[in-house]
Amino acid sequence: MFRPYHMLTLVLIAIFAAGCGVKARTYVMTKDRVGVDYKGGNAGYLKGDPKFKEPVKKTRKVYVLEFSKPVSESEVKKIEEQTTTQIQEVKTEEVPQEQASPAPAVSYNEPPIVIPPIEDAPAHAAAEGPTEAVTYTVQKDDTLQKIAKKFYNSYGKWTRIYEANKDKLKNPNFVKPGTVLTIPAAN
């Protein structure tokens, strides 16, 4: 809320600034209010006596006080000269691509990395799984999904292993290390 002493303060500041060669300008702006549509809070509705019976205003008045110092023509010319010299310095510092020095050669004292050849095993053999039933001893941190990935190359085929070993497994989520499982053949 704007009070009369606020206006008095603004006038005094404007008068003081005028004595320093600074121009002051005051005006009123109308701005939109932020968060007017907010329906949060009870505002007295829980007790039965709401406080906000009249509509909330969507705009507000803002009193602005601007100060500006007049700039002389000599100061304007000085600023223009500084900017033009800075632009010229930047242009002279640019180096054409032909004159740029090449990147230094990088040498390593380490032996080259040799990648071993990949075995020529048929890809469909790993995807199919074992041709006949196999036994497997469960290791630490093994799950039925990990075991299915080893033998069938698919995590989703863990149900095959569980169905073949229901008598040994009480819960498919917990597999004890050391348990011997039967891995059924892929069909």
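The values are calculated or read from the model by the stated rules, or taken from the named source; none is laboratory data. Quantities reported herein were computed from a predicted structural model and do not represent experimental measurements. Virtual Cβ from ideal backbone geometry, glycine too; neighbours counted across all protein chains shown.
Remarks
- Condition check for residue 25: at pLDDT 75 or above and in contact with a helix residue (DSSP H, G or I) (Cβ under 9 Å, 6 or more places away or on another chain): yes
- Qualifying residues in the range 126-142 (those that are in a loop (DSSP other than H, G, I, E, B) and modelled with pLDDT under 80) - the one farthest from the chain's Cα centre (by Cα): 130
- For the range 33-50, the condition of being surrounded by 10 or more Cβ atoms within 10 Å (Cβ to Cβ) and modelled with pLDDT of 75 or more holds for at least one residue.
- Evaluated against (1) surrounded by fewer than 10 Cβ atoms within 10 Å (Cβ to Cβ); (2) closer than 11 Å to residue 136 by Cα, residue 174 falls short on exactly one condition, (2).
- Within the range 164-187, the set of residues being free of Cβ contacts under 8 Å to residues at least 40 places away in the same chain and within 16 Å of residue 129 (Cα to Cα) comprises 164, 187.
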